[in-house]
1. Give the number of residues within the range 52-89 that are under 25 Å from residue 139 (Cβ atoms), of a type outside the set (A, V, I, L, M) and either touching a Phe, Trp or Tyr at 6+ places or on another chain (Cβ under 6 Å) or modelled with pLDDT under 85 (or both).
2. How about the range 47-72: which of its residues are crowded, with 17+ Cβ neighbours inside 10 Å and among the charged types (D, E, K, R)?
3. Does the range 90-116 hold any residues that are of a type in the set (A, V, I, L, M), part of a loop (DSSP other than H, G, I, E, B) and either modelled with pLDDT of 80 or more or within 12 Å of residue 50 (Cα to Cα) (or both), and which are they?
4. Filter the range 1-19 for residues that are in contact with a helix residue (DSSP H, G or I) (Cβ under 7 Å, 6 or more places away or on another chain) and modelled with pLDDT of 90 or more and give the result.
5. Kindly provide the set of residues from the range 30-46 that are small (Gly, Ala, Ser) and surrounded by fewer than 14 Cβ atoms within 10 Å (Cβ to Cβ), ordered by number.
6. Across the range 30-62, what is the number of residues that are part of a loop (DSSP other than H, G, I, E, B) and within 10 Å of the chain's Cα centre (by Cα)?
Amino acid sequence: MADDGFGPEAASALARRPLPDGVHVADFGIRGLDLAYRMLDGYDTVVLLDATPHGQPPGTLSVIEPDLAALPAEGTPEAHAMDPVKVLALARHLGDGGLPRVLVVGCEPEVRMNGDESDVVVGLSEPVREAVDRSVPFVESLLVDILGADATERR
């Protein structure tokens, strides 16, 4: 799993915090089809947490707002080979009313798995482990930007 585990680890850390009403945290792991359908449940904004290589120093956090109109047309989904672009394309294909606003909180990985490794890499690299801790206030700040005054009402 290596640094690909950033999303689940960050989601787990965020789920332990009090969050504003209407904010839900879920770890979909490799269940891209479930995520695609969940995105169609009437949310105004969906924030995804993922390892996103962009050539930055490992552990760098960034916010990406994908151009949903530029997504490729999706063919038959492969249940275990759905990266975020394929999930978004599938959700757009499935939804009649369009997609919610999508923001990706990305973390630059240090160790990436390409599927050809002979050994399993367990655990996050140090820079990404530290980024998980920083991701919680980072996402909370993003929620304030998205929700405004409603972000202060915590449950």
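1. Number satisfying all stated conditions: 3.
2. 50
3. The answer is 99, and nothing else.
4. 6, 9, 10, 13, 14, 17
5. Correct list: 42 only.
6. 1
The values are calculated or read from the model by the stated rules, or taken from the named source; none is laboratory data. Since the model is a prediction, treat every value here as computed from it, not as a measurement. Heads up, the Cβs are rebuilt from the backbone with ideal geometry, glycines too, and the neighbour counts pull from every protein chain shown.
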